[in-house]
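Remarks on the structure that follows.
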Amino acid sequence: MRAADQTTRSGRIIGDGFSDEITGLRQRLAEHESNQSDRYWSRHNVEDLLKERCEFFDAIIKDIWQRHIPEKAAAELSLLAVGGYGRGELFPQSDIDLLIIGKRPQRWEPQIGNFLHVLYDLNLEIGHSVRRLNECRQLAKDDITIATAMLERRYLAGSTRLSEKLTRLLQSSRLWPADQFFRAKRDEQIKRHAQFDNVDYGLEPNIKSSPGGLRDLQTVLWVFLRQFNTAAPKDLEAFGALTRQERVWLEDGRRFLWWVRFGLHLVAGRKEDRLQFEYQRTLAQRLGFADTGAKLGVERFMKLYYQHVLELRELNDIVLQYFDESILRNNEKPVVEPINERFRIRNAYLETTGPTVFTDTPSAILEMFVVMANRRDISGVRAQTIRDIRDHLHLIDDDFRNNPANAKLFIDLLKAPYTLVSQLTRMRRYGILARYLPEYGEIVGQMQHDLFHIYTVDAHTMMVIRNMRRFHYRSSEEKFPVACHCVRNVPKIELLYIAGLYHDIGKGRGGDHSTLGARDVSAFCRRHGLNDEDTELVVWLVEKHLLMSSTAQRQDIYDPDVIFEFASEVKSERRLRYLYALTVADINATNPTLWNDWRASLLRTLFTETRKAMRRGLESPLDRQASIRACQAEARDKMREAGLSDEQIDAIWRIPNDEFFLQHTPRQVAAVSQQIFEHDASGEPMVLLLDRRGPIRRERAKEILIFTADRNRLFASCVSALNHLGLSVADATIHTSSDGLCLNTFIVLESSGSAPSARRRESIINEVRQRLQQGDTSAAPVTRHVPRQLKQLPTETEVSLSTPADSDHSRLTVIAADRPGLLAAIGTIFADLDISVRQAHIATLGERVEDVFEIVDAEGLPFRDGERIYLLENTIRQRLDNQIASL
């Protein structure tokens, strides 16, 4: 091999000529990419950038073709651009899809290979296929995706005769007739939307595939192209297939999504279509969306994104419905059922009886949804009626909103037996809900930049109401038994839906969203004629919609004083049922992963204990000490039967704190106490795996109880052992008696959110015991899934350390973003800093933890020196924040 020869990316050995060619082309590519990037960030028109990009690559590819495909071969082959490249949508990281056709393309395999190798050696993302004409036809016939890609082919080089022949083959009416093509593309979209739970307002949307994204727009244009042989918006408007407004939506929406996708590819530096949080912030900043006093720049950027998506989703609805009527149902015999003088059903779809219905009777805009929600035999709304609704949205003004007849219609809708969520979703998509409830319009497209919300506020609201409806279904009884019971036993279900509609409506305005929402829903109730009692209930539900989850997760719900305080706020079983259903629907609509066995058990225990307290009567609440004495008395009887004396029992019970007797049944107290009595605390640790008491046996959480003599780094060893087992700690109580004996309890979950299975019982006990004996304080490498958002939405850890003047310990509070291995990391830090834990309460609250520790130094003394406290706070904060960066 000559010294000048070299090996390329494709593995070929090439000589000077090829090397010079590739070097020159790479330089041209680099200059072009740099120029396009500079012009994009200078706000150059994205349509011009895409056009120029396609023209540039057309020229490059044609040039390479001419160099490597001889004339004789070019006469027998045709080179076509297909897919996104074929339709002229080539973004910075898009694939360049090529199709080479010929009668016998294998004859020119070496030349075709050289041509493709040069493209690969330029580091281009090439998708290519080499096929005979009859293969193209057969593959297009068998696969709608291939047929669609070929539908948008564009001739580049080679034989025009072959290209034209392919055109004739693909235009055959026997290959994907219009009705089959439309049905296939519609079914394809339905399946794709299902992957996104049919939600167009995900917080990290896929700009290409999410509902309302580019693929929805392309679906519409593909159907137009197949039907009219053109996808040009102005041509479609001229044909009457699009109205002027729809054409504007299409052009503006497409231009905006192109603009965002172009920038997304630039900032990601790879083929990326998901608008992740970090890319949203970068794009918003670089595209000029500055923060204001009212909103962050990224919120303004994404609100504009969602506005275009909502318009494109409506356009998609109208066009597909139009084609359903004109193609699939064109030959159906009309079956028309009059409903009243304003509406009728035509072949299962609702339509108005004439073009002036909404002008003559504006209330019909709401009435139509009430009609649909009271029948099961209406599949949707006809395209022309959707267009008529849009053209009459201006009729929904203050007079319309304050009209008692319209208020009654909206309440009737909430009372309707069927498809409430579908009708509210239609109203949201058609713009009716935002016009009728202006406060709802404020949350359309409102972002929620945190670690656990996955939808915008308005989409989350629809999901809450959907969950409430699902609590009526038998299929929900196994997972949500108490919620199903509550929903079926509330006297007025519409009050629950109103609370769901308004619970987050105050977000994005600054201030307490619960208070703002309560004010808004109070006005709604007055306008809609609710009586004082119902209004008071709904306002209370909105204002206190976080109360139940907060109480369950922050406080000891086994403490009668906590139950009494909560029950006193709730006041009645009626309110309790409404609040429980709202709470469970809200959590599951926020992010389904938040609903785990522990959270379910907490809420159901709080519901059950509160109901018991109310039925006993709040005027005679259980006394905390009386509850402890009752548990001890029953446990003492069992321990006496086992042969223990009162003196022995009293000695054992000097070890645990009061929470031990509140959180465990008398049977458990007796069993654990018996084992403590028989155990030598100076030897190996005692490790038990218990069922934490709860209202439903199969949902009881698993509790690891550890009894041992106190020693340095004990807390770190405990949490390190659990971390090595891949268990997450949902709650924990650390207690050290005055005798230096520790009784620690940890509520643990698997990474899936479920309690550990019985099969793991012995392995968990043995592993924990072994690691405690070894004194291992190391944190295991994090192998569990770490949410990407944790890094993209960093939350600074809050650490505060204080020591009351007369205290023998210091109080350390750590508030941090929850993640795998967090407690083990805290334990390791404590071990490294010679901090001993006397008491602790660990609480996981959604996406964050709030842990409180009573600590002393290596000599058993509290921290009092101000400089030392400052250094400790900063050290713990920095190390925990650095842990996130290293995950």
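The values are calculated or read from the model by the stated rules, or taken from the named source; none is laboratory data. Quick caveat, the model's predicted, so the values are computed rather than measured. Cβ atoms come from the backbone with ideal geometry, glycine included; neighbour counts cover every protein chain shown. Only protein heavy atoms, including side chains, enter the accessible area calculation; ligands, DNA and RNA are left aside. Shrake-Rupley method; radii C 1.70, N 1.55, O 1.52, S 1.80 Å.
Some observations on this one:
Okay, residues lined up against (1) over 20 Å from Arg428 (Cβ atoms); (2) part of a helix (DSSP H, G or I):
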{"residue": "Ala184", "(1), (2)": "yes, yes"}
{"residue": "Gln218", "(1), (2)": "yes, yes"}
{"residue": "Gln227", "(1), (2)": "yes, yes"}
{"residue": "Glu237", "(1), (2)": "yes, yes"}
{"residue": "Leu242", "(1), (2)": "yes, no"}
{"residue": "Glu246", "(1), (2)": "no, yes"}
{"residue": "Phe262", "(1), (2)": "yes, yes"}
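- Every condition in (1) assigned to a loop (DSSP other than H, G, I, E, B); (2) more than 30 Å from Phe301 (Cα to Cα) holds for Ala483 except the one numbered (1).
- Selected residue (criterion: nearest to Arg667 (Cα to Cα)) from residues of the stretch 685-727 that are at pLDDT 80 or above and among the acidic types (Asp, Glu): Asp691
- Residues that are over 18 Å from Val82 (Cβ atoms) and either touching a Leu at 6+ places or on another chain (Cβ under 6 Å) or open to solvent by 40 Å² or more (accessible area, probe 1.4 Å) (or both), drawn from the stretch 217-231: Leu217, Phe224, Gln227, Phe228
- Selected residue [modelled with pLDDT under 90, touching a Ser or Thr at 6+ places or on another chain (Cβ under 6 Å), more than 24 Å from Ile655 (Cβ to Cβ) and of a type outside the set (D, E, K, R)] from Ala805, Ala885, Ala824: Ala824
- Single condition Ala294 does not satisfy, out of (1) in contact (Cβ under 8 Å) with a residue 60 or more places away in the chain; (2) in a loop (DSSP other than H, G, I, E, B); (3) farther than 26 Å from Pro438 by Cα: (3)
- Thr515 being without any contact (Cβ under 8 Å) to a residue 40 or more places away in the chain, open to solvent by 30 Å² or more (accessible area, probe 1.4 Å), touching a helix residue (DSSP H, G or I) at 6+ places or on another chain (Cβ under 8 Å) and in a helix (DSSP H, G or I): yes
- Between Arg261, Arg300, the distinction of being basic (Lys, Arg), crowded, with 20+ Cβ neighbours inside 10 Å and under 23 Å from the mean Cα position of the chain (by Cα) belongs to Arg261 only.
- Reported count of residues in the stretch 73-104, each being under 16 Å from Ser163 (Cα atoms), open to solvent by less than 10 Å² (accessible area, probe 1.4 Å) and either out of contact with any helix residue (DSSP H, G or I) (no Cβ under 8 Å at 6 or more places or on another chain) or without any contact (Cβ under 8 Å) to a residue 60 or more places away in the chain (or both), is 4.
- The number of residues in the stretch 728-754 that are in contact with a Leu (Cβ under 9 Å, 6 or more places away or on another chain), part of a loop (DSSP other than H, G, I, E, B) and modelled with pLDDT under 85 comes to 2.
- Among the candidates Ser549, Ser475, Ser522, the residue that is within 25 Å of Ala730 (Cα to Cα), open to solvent by 10 Å² or more (accessible area, probe 1.4 Å) and of a type in the set (S, T, N, Q) is uniquely Ser549.
- Any hit, the stretch 607-625, residues being more than 42 Å from the chain's Cα centre (by Cα), assigned to a helix (DSSP H, G or I) and on the phi < 0 side of the Ramachandran plot: yes
- Of residues in the stretch 140-178 being polar (S, T, N, Q) and open to solvent by less than 50 Å² (accessible area, probe 1.4 Å), the one modelled with the lowest pLDDT: Ser172
- For Trp176: the one exception among (1) under 30 Å from Arg313 (Cβ atoms); (2) part of a helix (DSSP H, G or I): (2)
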